[in-house]
1. Go through segment 97-107 and give me each residue that's in contact (Cβ under 8 Å) with a residue 12 or more places away in the chain and either more than 19 Å from the chain's Cα centre (by Cα) or crowded, with 20+ Cβ neighbours inside 10 Å (or both).
2. Given the residues Glu116, Glu161, which is the only one that is surrounded by fewer than 17 Cβ atoms within 10 Å (Cβ to Cβ), among the acidic types (Asp, Glu), farther than 23 Å from Thr39 by Cβ and within 21 Å of the chain's Cα centre (by Cα)?
3. It is to be established whether one or more residues within segment 132-141 are closer than 26 Å to Ser82 by Cβ and more than 18 Å from the chain's Cα centre (by Cα).
4. Working only within segment 79-96, note down all residues that are assigned to a loop (DSSP other than H, G, I, E, B) and in contact with a Leu (Cβ under 9 Å, 6 or more places away or on another chain).
5. Return the residues of segment 136-157 that are charged (D, E, K, R) and at pLDDT below 95; say none if nothing qualifies.
6. Out of the residues in segment 58-86 that are out of contact with any strand residue (DSSP E or B) (no Cβ under 8 Å at 6 or more places or on another chain) and farther than 14 Å from Gly115 by Cα, which is surrounded by the most Cβ atoms within 10 Å (Cβ to Cβ)?
7. All but one of (1) modelled with pLDDT of 95 or more; (2) more than 14 Å from Ile153 (Cβ to Cβ) hold for Val87; which doesn't?
8. If you take the residues of segment 117-146 that are in a loop (DSSP other than H, G, I, E, B) and of a type in the set (S, T, N, Q), which of them is farthest from Pro65 (Cα to Cα)?
Amino acid sequence: MKISLRNIFIILLGVGLFSCEQDRLEPELEAAEGGGTLTSYMAYTISSVDVDSDVYGRVVFWNEPTLSQTFIQVSLYNTPDSEMLPVSILNGAIGDESSVSFSTYDVDGSTGELGESKFYVVTDDSFYDSLMTLDAHINIYDSTGTILAAGDIGSNADPVESN
């Protein structure tokens, strides 16, 4: 009796496990309406300014009109692994080391991206629209304040890519 109950239990368990229908579902590749899509952007080159440095990359300004915000994304290559690199937007062209317009989050040297968040958010709703006429540049500094890389933005350079 014990053997037959055990055998019946094993058979029922086997039938239960193998009779389950296993559908292979296709992934959803579309974002929800209004989510995950930033369509307007301008990208500028960031180049090394020091002979001993090979730091380079891009700064991308993304427009989010429904929120009246501009997102700034910085992506760098060849950054020192153990350092946080300050980033500032300065008035004037490269070489006109004038006043700082604003500073973003620091770039994490181990990732080459902004450390605190992937994007720095500018809440001034007119910032993106005035970007093409903005007389400014971006500087990337090391921990001692030495400029590692820089790039003209706005009226000082044509975007390398835009939409």
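The values are calculated or read from the model by the stated rules, or taken from the named source; none is laboratory data. The shown structure was predicted, so the numbers you read here are calculated from the model rather than taken from an experiment. Ideal geometry is used to build each Cβ from the backbone, glycine not excepted, and the neighbour counts take in all protein chains shown.
1. Start the filter on segment 97-107 by keeping residues that are in contact (Cβ under 8 Å) with a residue 12 or more places away in the chain, which leaves 100-107.
Val100, Ser101, Thr104, Val107, listed by residue number.
2. Values: Glu161 fails: farther than 23 Å from Thr39 by Cβ.
Sole residue among the options that is surrounded by fewer than 17 Cβ atoms within 10 Å (Cβ to Cβ), among the acidic types (Asp, Glu), farther than 23 Å from Thr39 by Cβ and within 21 Å of the chain's Cα centre (by Cα): Glu116.
3. In the first step, residues of segment 132-141 are kept if they are closer than 26 Å to Ser82 by Cβ; the result is 138-141.
Adding the requirement that they be more than 18 Å from the chain's Cα centre (by Cα) leaves 141.
Yes.
4. Initially, segment 79-96 is screened for residues assigned to a loop (DSSP other than H, G, I, E, B), giving 79-83, 86, 92-96.
Once the filter is applied, which keeps residues that are assigned to a loop (DSSP other than H, G, I, E, B) and in contact with a Leu (Cβ under 9 Å, 6 or more places away or on another chain), segment 79-96 yields Thr79, Pro80, Asp96.
5. Step one: of segment 136-157, the residues charged (D, E, K, R) are 142, 152.
Once the filter is applied, which keeps residues that are charged (D, E, K, R) and at pLDDT below 95, segment 136-157 yields only Asp142.
6. We begin by selecting, within segment 58-86, every residue out of contact with any strand residue (DSSP E or B) (no Cβ under 8 Å at 6 or more places or on another chain); these are 66-68, 80-83.
Then drop every residue that is not farther than 14 Å from Gly115 by Cα, which leaves 66-68.
Working: Thr66: 7, Leu67: 11, Ser68: 14.
Only one residue fits best here, namely Ser68.
7. (2)
8. Pass one, segment 117-146, residues in a loop (DSSP other than H, G, I, E, B): 117-119, 123-130, 134, 142-146.
Subset that is of a type in the set (S, T, N, Q): 117, 123, 126, 130, 143-144, 146.
On the way: Ser117: 20, Thr123: 11, Ser126: 10, Ser130: 14, Ser143: 35, Thr144: 37, Thr146: 36 Å.
Out of the qualifying residues, it is Thr144.
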